[in-house]
1. Tell me yes or no: at least one residue of region 101-112 is under 11 Å from the mean Cα position of the chain (by Cα) and aromatic (Phe, Trp, Tyr).
2. Take Ile96 and tell me if it is assigned by TED's automatic domain parsing to the domain that holds Leu52 and surrounded by 18 or more Cβ atoms within 10 Å (Cβ to Cβ).
Amino acid sequence: MKRFAICAALALTALLSFAAGSLLAERGKAGSFSVVISDASLPAARSGLINLNTASEAELQDIPGIGPVLAGRIIAYRELHGPFASLEGLLAVQGIGEGRLRNAEPYITLEGD
């Protein structure tokens with residue numbers, strides 16, 4: 001059972017590492033693990049806002065929930081219709097709904113460069 005708990009903790013550590021960036025697991029004196037997340041390797045969107053009207057396809061992919069397909073659609077929409085006037089303008093892009101917009105909102109802006 002103890003071996004299972006250690007394996008489960010290591011699996012969770014690996015999963016969190018994949019999902020959140022740089023992750024360290026340190027074994028404590030009593031055999032427990034503590035998890036420390038470092039923001040040094042997190043995407044640019046976590047350390048600064050991504051401008052919807054100037055971001056490249058690669059930069060748009062730093063927004064949680066935006067992959068290569070949606071990034072391409074955002075740029076295509078922007079080129080066809082001009083700059084976004086509001087964050088809600090993203091709802092006009094195929095594949096972006098209320099939930100995805102709500103999750104992406106903390107990472108995006110229309111201001112700046």
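The values are calculated or read from the model by the stated rules, or taken from the named source; none is laboratory data. Quick caveat, the model's predicted, so the values are computed rather than measured. Glycine gets a Cβ as well: all are built from the backbone with ideal geometry, and neighbour counts include every protein chain shown.
1. Yes: one or more hits.
2. Details: assigned by TED's automatic domain parsing to the domain that holds Leu52: yes; surrounded by 18 or more Cβ atoms within 10 Å (Cβ to Cβ): yes.
Considered against the rule, which asks whether it is assigned by TED's automatic domain parsing to the domain that holds Leu52 and surrounded by 18 or more Cβ atoms within 10 Å (Cβ to Cβ), Ile96 comes out as yes.
Condition check ((1) modelled with pLDDT under 95; (2) assigned to a helix (DSSP H, G or I)) across all residues:
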site: Ala8; (1), (2): yes, yes
site: Ala11; (1), (2): yes, yes
site: Ala19; (1), (2): yes, yes
site: Ile63; (1), (2): no, no
site: Glu88; (1), (2): no, yes
site: Leu91; (1), (2): no, yes
